[in-house]
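See structure below.
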Amino acid sequence: MPTDTLRVDAPFGEDSDYPHLFTLRDGKVYGLGRHAARQWAFDPVAETRTDLPARPDGVHRGYGSAVALPAGFRGPNSVLILGGDRDDPHTYQLADGVWEKKQPRAFGRTQDNTLLLPDASLLTVNGAHGIRDYGNGDYNPKADLKYRQIETRNALGEWRLGPVQRLPRGYHANAVVLPDGRIMVTGDELQQLANDPKIDDDMNGSIEIFEPAYLHQGSRPTLDQVPGDPIGFDSRFKVSTSTPGQVKKAVLLAPTTATHAVNTSQRHLELRIVHRHGNQIALQAPPSANDAPPGHYMLFLLDEKGVPSTAKFVSLR
């Protein structure tokens, strides 16, 4: 297939590979590079690029993560940059072209994966001292244990340390939110060698599963049926549940696509509940493609504690 060429390019160099790219509710694509000065916004309609202010930390961040922060019923209008610098635990939020230093995590780390969860909280897993440096050596028996600690961020922006992963996972590690609300954590090249020193075999990688606290707060609401056909923007659609009294909120969570700590497809939107009738709940789709790019999303129903149902996939078109 022929490739369309846009009228403007993106800054690129040795210090700007693996940029984070997000579409925000204004319809622009925000390119947030690893180098502090490589920050820009692209207007896909006008095909123009505007340079943004440099990230205030002033450093090159090595494979840190970034998340477009939830903003209720509309698409996100800000991005949180975090990780990628073992000496800086702070997080940095870009909103309306302005950077603001936000609450720090417990310590700096590189190679971290930060995920959006159904209840709009954030979860950081994985991390290391450097690309192939785990703090006390390459192999996980010598690794610094702190890089195994999970961290979570609540709706107030407060970070809290969580349980410890069984293995250190840094370079080429990954994590995804599963439709049942659990987190699958996998990958890393050097922990594999440490646990499987026979390098001429198939090198089957290991997987860890993390269960967030919301899966241990009582029974979960159920989601029984969703539309099989694509859902139009700003339209109403119905879902069915056998636990209508438990349902207090409905959310869309885009599935993860990630590599090298860069995860630019995940997105969290709340859906308006516009009507209830028996086991049927009518929901309002996101207003436009600027709020939620077309494609597949996991639809979760949540109770008043933020406990999610098992998701079903829906398609926005």
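So here's what we get for this one:
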{"read-out": "Residue match in the range 211-222 (condition: buried (at least 17 other Cβ atoms within 10 Å of the Cβ), at pLDDT 95 or above and either among the aliphatic types (A, V, I, L, M) or in a strand (DSSP E or B) (or both))", "value": "no"}
{"read-out": "For Ala250: the one exception among (1) open to solvent by less than 60 Å² (accessible area, probe 1.4 Å); (2) touching a residue at least 60 places away in the same chain (Cβ under 8 Å)", "value": "(2)"}
{"read-out": "Evaluation of Arg38 against (1) open to solvent by less than 30 Å² (accessible area, probe 1.4 Å); (2) at pLDDT below 95; (3) farther than 23 Å from Leu161 by Cα (one fails), failing number", "value": "(1)"}
{"read-out": "Residue count for the range 48-73, restricted to those that are more than 23 Å from the chain's Cα centre (by Cα) and closer than 30 Å to Arg272 by Cβ", "value": "0"}
{"read-out": "Which listed residue is within 13 Å of Arg61 (Cβ to Cβ) and in contact with a strand residue (DSSP E or B) (Cβ under 8 Å, 6 or more places away or on another chain), from Gln111, Gln103", "value": "Gln111"}
{"read-out": "Given (1) under 30 Å from Pro287 (Cα atoms); (2) surrounded by fewer than 19 Cβ atoms within 10 Å (Cβ to Cβ), number of the condition Ile81 does not satisfy", "value": "(2)"}
{"read-out": "Scan of the range 45-73 for residues that are in contact with a strand residue (DSSP E or B) (Cβ under 7 Å, 6 or more places away or on another chain), of a type outside the set (A, V, I, L, M, F, W, C) and open to solvent by less than 60 Å² (accessible area, probe 1.4 Å), ordered by number", "value": "Arg55, Asp57, Gly62, Tyr63, Gly64, Ser65, Pro70, Gly72"}
{"read-out": "Selected residue (only one of Gly58, Gly13, Gly27, Gly108 is in contact (Cβ under 8 Å) with a residue 60 or more places away in the chain, assigned to a loop (DSSP other than H, G, I, E, B) and not aromatic (Phe, Trp, Tyr))", "value": "Gly27"}
{"read-out": "Members of the range 120-134 that are surrounded by fewer than 24 Cβ atoms within 10 Å (Cβ to Cβ) and either on the phi > 0 side of the Ramachandran plot or touching a helix residue (DSSP H, G or I) at 6+ places or on another chain (Cβ under 8 Å) (or both)", "value": "Ala120, His129, Arg132"}
{"read-out": "Test: residue in the range 225-232 that is closer than 22 Å to Leu69 by Cβ, in contact with a Ser or Thr (Cβ under 9 Å, 6 or more places away or on another chain), at pLDDT 95 or above and not hydrophobic (A, V, I, L, M, F, W, C)", "value": "no"}
{"read-out": "Every residue from the range 30-55 that is in a loop (DSSP other than H, G, I, E, B) and of a type in the set (Gly, Ala, Ser)", "value": "Gly33, Ala36, Ala37, Ala46, Ala54"}
{"read-out": "Residue list for the range 227-238, restricted to those being crowded, with 17+ Cβ neighbours inside 10 Å and in contact with a Phe, Trp or Tyr (Cβ under 8 Å, 6 or more places away or on another chain)", "value": "Ile231"}
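The values are calculated or read from the model by the stated rules, or taken from the named source; none is laboratory data. This one's a predicted model, so the numbers in the text were calculated from it and none came from an experiment. Note that we place each Cβ from the backbone using ideal geometry, even for glycine, and neighbour counts take in every protein chain shown. For the accessible areas, the whole protein counts, side chains as well, though only heavy atoms, and no ligand, DNA or RNA atoms are used. Shrake-Rupley method; radii C 1.70, N 1.55, O 1.52, S 1.80 Å.
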